[in-house]
Amino acid sequence: MITLKSPRELDTMRRAGRIVHDTLALMHEIVRPGLSTEDLDAEAERFIRSHPGATPSFKGLYGFPKTLCTSVDIEIVHGIPSKKKLLESGSIVSVDVGVCIDGLHADSATTIPVGPVSEDIVRLLTVTKASLDAGIAAALVGNRVGDIGHAVQTVAEAAGYGVVRELVGHGIGTRFHEEPQVPNFGTPGKGPALRAGMTIAIEPMITMGSPETKTLADKWTVVTADRSLSAHFEHTVALTGNGPVILTAGE
Ligand code: MG
Ligand code: MG
């Protein structure tokens, strides 16, 4: 079922979204070579819980053990923070985080360079971010879910990148994952209609090579099958009659 949120619920999601944004801003500040992904997780959890009533959405969700998903280089999503995983200069780390406050969630991800990175990587990050922007711009009342996916896919594939199919964006609200699914590929004019009051997480997962994926033995970490690098950007967006409003933009 697709749920429509009241103005009050949207206000609450905006509060959750601000904490999500500020958590990712903090991650941008502290990421450096030599830090472990567990260090990031500990900082993120401490920061989220410093806000009265706020809890990390991921912890315990489907049994996930941590506050963040930290996915390095060929890891696409759902990497589990670990003391053993040290960030190396020239790498990229996708940091994905959700926050729940007063029973409502917000969800956002960003991919952060560790020290200086190659021009190829800068381009991957720029294009993935641009594909998210294009998806958000297509999140218009009267459009359909396929318009969002088509917009994301067009930007990513025009740059020669792969669009991951197995993992998709989603509705979000009182539950972290709600309907509809929001794929990063699609046909314009197809799929569920977009209505005012819907809140969705749009999250392109883009690869430098093939979009095929593999799940590691830890049963969480999804990597590119061809070991190409991958980037992931995400925002939680509210659909309104005045256009899409990003709830995780820190505004
Ligand atoms: Mg996320
Ligand atoms: Mg999400």
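A few comments on the model shown:
- Applying both filters, DSSP loop and at most 14 other Cβ atoms within 10 Å, to the GluC sites (Glu not before Pro) of the range 1-90 gives Glu88.
- Count Lys and Arg as plus one, Asp and Glu as minus one, and take only other residues whose Cβ is under 13 Å from that of Asp102; the net charge is then +2.
- Computed in the context of the full set of protein chains, the accessible area of the chain at 1.4 Å probe radius has 54% of its extent on carbon or sulfur.
- Straight-line cross-link reach from Lys66 at under 26 Å between alpha-carbon atoms covers these lysines, not counting any fewer than eight positions away in the same chain: Lys83, Lys84, Lys85, Lys129, Lys214, Lys219.
- Relative contact order, percent, the range 7-246 [alpha-carbon distance under 8 Å, six or more residues apart]: 20
- Taken over the range 1-43, the alpha-carbon convex hull comes to 98 cubic angstrom per residue.
- Efficiency of FRET from Cβ geometry, Thr187 and Glu212, R₀ 22 Å, rounded to 0.05: 0.55
- Dividing the Cα radius of gyration of the chain by 2.2 N^0.38 Å, with N the residue count, gives 0.94.
- The simple spin-label model puts a point 7 Å past each Cα toward its Cβ; for Lys59 and Ser89 those points are separated by 3.4 nm.
- Of the DSSP H helices in the chain, those whose Cα atoms cover at least 24 Å axially and whose Kyte score averages 0.5 or more: 119-137
- For the range 82-131, the solvent-accessible area of protein heavy atoms averages 42 Å² per residue (probe radius 1.4 Å; ligands and nucleic acids excluded).
- The chain: calculated mean residue ellipticity at 222 nm from DSSP helix runs of at least 4, using -39500 (n - 2.57): -9500 deg cm²/dmol
- Rounded to the nearest 20, the Cβ-based charge dipole of the chain about its Cα centre (Lys and Arg +1, Asp and Glu -1) stands at 460 debye.
- Candidates per trypsin sites (Lys or Arg not before Pro) in the range 79-154, loop by DSSP, up to 12 other Cβ within 10 Å: Lys83, Lys84
- Shape of the range 63-153, Cα gyration tensor, a/c cut at 1.5: oblate
- At R0 = 30 Å, FRET efficiency that the Cβ-Cβ distance of Glu119 and Val141 yields, to 0.05: 0.20
- For the range 128-170 versus the range 61-103, the gap between their alpha-carbon centres in whole angstrom: 22
- Stretch gain in nm, segment Ala159-Glu179, where the contour uses 0.36 nm per residue and the Cα spacing is subtracted: 4.2 nm
The values are calculated or read from the model by the stated rules, or taken from the named source; none is laboratory data. None of these values were measured; they are calculated from a predicted model. Methodologically, a virtual Cβ is constructed for each residue, glycine included, from the backbone with ideal geometry; neighbour enumeration extends over all protein chains shown. Heavy atoms of the whole protein, side chains included, go into the accessibility calculation; ligands, DNA and RNA do not. Shrake-Rupley method; radii C 1.70, N 1.55, O 1.52, S 1.80 Å.
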